[in-house]
Amino acid sequence: MDAVGDRAARLRAAAGTAARLRVRAPGVVTVVVILGVLGVHLLPFEVVRVPTASMAPTLRPGDHVLLDRRSVPVERGQLVVLPDVEDLDSLMVKRVVAIGGDTVEFDDGFLVVNGIRPAEPYAEGGRVPGVYFAPVTVPAGAVYLLGDDRGDSVDSRTFGPLPADRVVGRVTFRVFPRPGAP
């Protein structure tokens, strides 16, 4: 009978522990959810959806990219994410083609930076026919941004150089393509 009594006592103790766990579980779940929601914006990486075709063929609308929010110097050629100048609630993805102190112009539709036409294998065709754009000197602490699809991009040709501190982060790689993409 001692064995039966001991077993009953253990079952009662276990039931009490389970009840205490059930009471704490909602509180633990709530704390984890709150930390998770807050933590998404505190983490250095975030998945961002590409909203427009301005970065084609590199990125297409609906593609998802990994955004690195860590503070790093912005360099020419990087893909960056920043608030859209026309809709601050949205993000835009653009390529940095020039940084503070650089001179940017378009000559016969081709990008020219500091008097040199850079190789741009990512820019479809690389040329916007018939476009001439007078030289612009990028102010210190600013960046000049272009979309890879130069014919279908609202970029620094429209809104001018932007302060580099508006950059939210840089794109590290495409996480997964838009649904239905090859």
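The values are calculated or read from the model by the stated rules, or taken from the named source; none is laboratory data. Remember, it's a predicted structure, so these values are computed and weren't measured experimentally. Note that each Cβ is placed from the backbone with ideal geometry, even for glycine, and that neighbours are counted across all protein chains shown.
Results, tabulated for the structure shown:
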read-out: Condition met for P57 (out of contact with any Cys (no Cβ under 6 Å at 6 or more places or on another chain), modelled with pLDDT of 85 or more, in the same structural domain as T172 (by TED's automatic domain parsing) and assigned to a loop (DSSP other than H, G, I, E, B)); value: yes
read-out: Leading residue by the ranking (modelled with the lowest pLDDT) among those in region 85-100 that are assigned to a loop (DSSP other than H, G, I, E, B) and buried (at least 16 other Cβ atoms within 10 Å of the Cβ); value: V85
read-out: Qualifying residue in region 32-50 (condition: surrounded by 16 or more Cβ atoms within 10 Å (Cβ to Cβ), modelled with pLDDT of 90 or more and closer than 23 Å to L82 by Cα); value: yes
read-out: Residues of region 58-117 satisfying the condition of being closer than 20 Å to A140 by Cα, touching a Pro at 6+ places or on another chain (Cβ under 8 Å) and among the acidic types (D, E); value: E105
